[in-house]
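The structure appears right after this line, and notes come after that.
Bear in mind these aren't lab numbers, they're just calculated from the coordinates by the rules spelled out. Note that the structure is predicted; figures quoted are calculated from it, not measured. Note that we place each Cβ from the backbone using ideal geometry, even for glycine, and neighbour counts take in every protein chain shown.
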Amino acid sequence: MSLTAEQILALAPDASSRKAGQEQAKRPKWSGLGRAGDLVFGEIKGSGASPYRTVADLSGPAATCTCPSRKLPCKHALGLMLVAAAEALPETAPPDWAAAWAQGREARRETRAAEPDRPADAAARAKRQRARAVRVAGALDEIDLWLSDLMRRGLAAARAEPYAAFDRVAGRLVDGQVPGLARRVRALPGLAAAAPAPGAPRPEAALALAVARIALLVRAARRRALLTPGQAAGVNAALGLPVSAETLAAQPGVADDWAVLAHTAEEEDRLLARSVWLAGRRTGTLAQVIDFGPPGAPLPPVPAPGQDFAGVLAFHPGDPPLRAAFREGRAGPAASAALPGAGTVAAARDAFAAVLARAPWTERWPVALAGARLGRLADGSAFAAGDATGCLPLRAGPHLPALLAVAAGRPADLFGLFDGTGLAPLALSADGHLYAVPPHEARPVVVRAA
């Protein structure tokens with residue numbers, strides 16, 4: 001298979017790697033370039049005495065290099081894949097070092113597929129679960145007391161408190177093993193101090209809504225025994241409780257051709273959280289695959305925006321389901337630039353309302369609009385995406401002007417995250433092209449041509 005230059009650059013872990021990879025994508029810098037199916041390989045002179053050996057599997061996509069960089073893919077791997085995208089490399093048998101890497105990848109895949117699940121130590125697991133339950137109960141008591149005190153003093157007083165006051169509470173919640181609650185508490189001072197933005201709720205309203213969501217989540221957490229298994233799992237996920245490998249392995253897989261729409265990246269508790277957003281072409285099901293790692297550390301390779309992942313996803317338990325994990329499959333060219341499951345603005349609002357009815361602490365939800373027009377609201381207060389059923393204000397961002405220019409007033413499909421009042425756009429499909437907003441860039445790039 002082949003990747004476009006835009007899809008390759010979308011794999012870069014950050015903007016500096018993206019730029020450095022383009023600098024390495026020059027044919028004269030490389031020696032021993034070749035290709036064997038989806039495997040591409042070559043050597044490039046670096047700062048060391050010996051050339052760096054670089055190999056990439058375009059079907060992953062995945063790559064490795066003998067350079068000392070900890071980024072994945074490194075600039076040399078990006079450069080190699082860009083060279084392969086720009087010209088036809090000679091088909092030849094791979095050198096021993098490239099073949100060994102490819103064989104090792106295949107052997108690890110076969111081992112994982114054939115290896116039986118080892119039974120966990122039931123007694124040790126039960127002991128860990130009891131200890132976690134005690135810590136979680138203590139954290140819920142802590143946040144309950146804090147919320148009561150917050151309501152007694154009033155939200156106006158909370159807006160005047162320093163960030164450190166919220167951070168102390170969040171730290172105790174992390175100690176209580178509910179990082180999901182800690183993240184929500186850490187976000188409160190930012191909401192309180194935010195300047196009013198067109199189309200967005202006033203800071204005091206946003207703060208009140210966030211506090212209300214925390215209170216609802218705490219109330220639900222205390223009543224998990226009365227909820228259905230799916231609802232209880234959704235509460236646990238919102239609290240940040242982990243899902244065991246055994247539980248995830250027991251989940252049924254959902255097979256589809258999954259369109260990879262966008263990547264996003266956020267920092268959570270000093271970790272980088274990378275999300276891959278997908279939609280099933282046959283089922284219209286939306287999915288979010290999340291990987292965590294320290295900033296700058298390599299994350300597992302994933303399909304690029306604009307590709308299709310033909311395979312199976314395993315969804316984490318929860319109601320409504322969204323978070324998933326790649327189980328088995330293969331990335332390849334996209335069947336179409338159209339957004340699967342796209343609908344009207346009214347349908348998007350109804351979908352978010354249905355999610356809130358099942359999990360009222362939900363902060364945002366992925367939606368896809370079909371044939372929406374992007375423009376400024378009649379009162380000039382904000383930009384919006386609209387159709388005959390209504391409109392959604394668009395969240396301001398550095399990439400928004402470029403998306404508006406791409407749409408140029410014509411109907412376009414739009415994918416983004418809706419929080420009930422506004423839509424943060426992540427990808428736009430127009431004229432047979434998919435434009436995605438990279439997580440580390442301020443402008444969208446075209447990642448798939450029809």
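Ranked for footprinting exposure by Cβ neighbours inside 10 Å, fewest first, 52, 435 give 52, 435. Share of Cα-Cα pairs in the range 245-333 beyond 24 Å, in percent? Percent of Cα pairs beyond 24 Å in the range 245-333: 18. Over 18 Å, how big is the tail of the calculated P(r) for the range 345-449, in percent of all Cα pairs? Roughly 45 percent, rounded to a whole number. Taking amide hydrogens as placed 1.01 Å from N in the peptide plane, the amide H of residue 62 sits under 5 Å from those of 57, each at least 5 positions away in sequence or on another chain.
Of the trypsin sites (Lys or Arg not before Pro) in the range 243-333, the ones in a loop by DSSP (not H, G, I, E or B) with at most 16 other beta carbons within 10 Å are 270, 282.
Ranked for footprinting exposure by Cβ neighbours inside 10 Å, fewest first, 433, 263 give 433, 263. Between amide H atoms placed 1.01 Å from N, distances below 5 Å from residue 382 occur with 377, all of them 5 or more places distant or on a separate chain.
Report the antiparallel proportion of the DSSP beta bridges in the chain as a percent, rounded to a multiple of 5. Around 95 percent of the beta bridges assigned by DSSP in the chain are antiparallel ones. Kirkwood hydrodynamic radius of the chain, from the reciprocal of the average inverse Cα-Cα distance over all distinct pairs: 24.0 Å.
Highest mean packing first, where packing is the average number of other Cβ atoms within 10 Å per residue, the peptides 333-341, 361-369 line up as 361-369, 333-341.
What is the fewest-to-most order of 65, 391, 74 by other Cβ atoms lying within 10 Å of their Cβ?
Result, fewest neighbours first: 391, 65, 74.
From the P(r) of the range 122-239, could you give the percentage of C-alpha pairs in the tail past 25 Å? Roughly 28 percent, once rounded to a whole number. Taking the square roots of five times each eigenvalue of the Cα gyration tensor of the range 5-114, the equivalent ellipsoid has semi-axes of 21, 16, 14 Å, listed largest first. Chymotrypsin sites (Phe, Trp or Tyr not before Pro) within the range 252-335: which are DSSP loop residues with at most 15 other Cβ atoms inside 10 Å? Sparse-neighbourhood loop chymotrypsin sites (Phe, Trp or Tyr not before Pro): none present.
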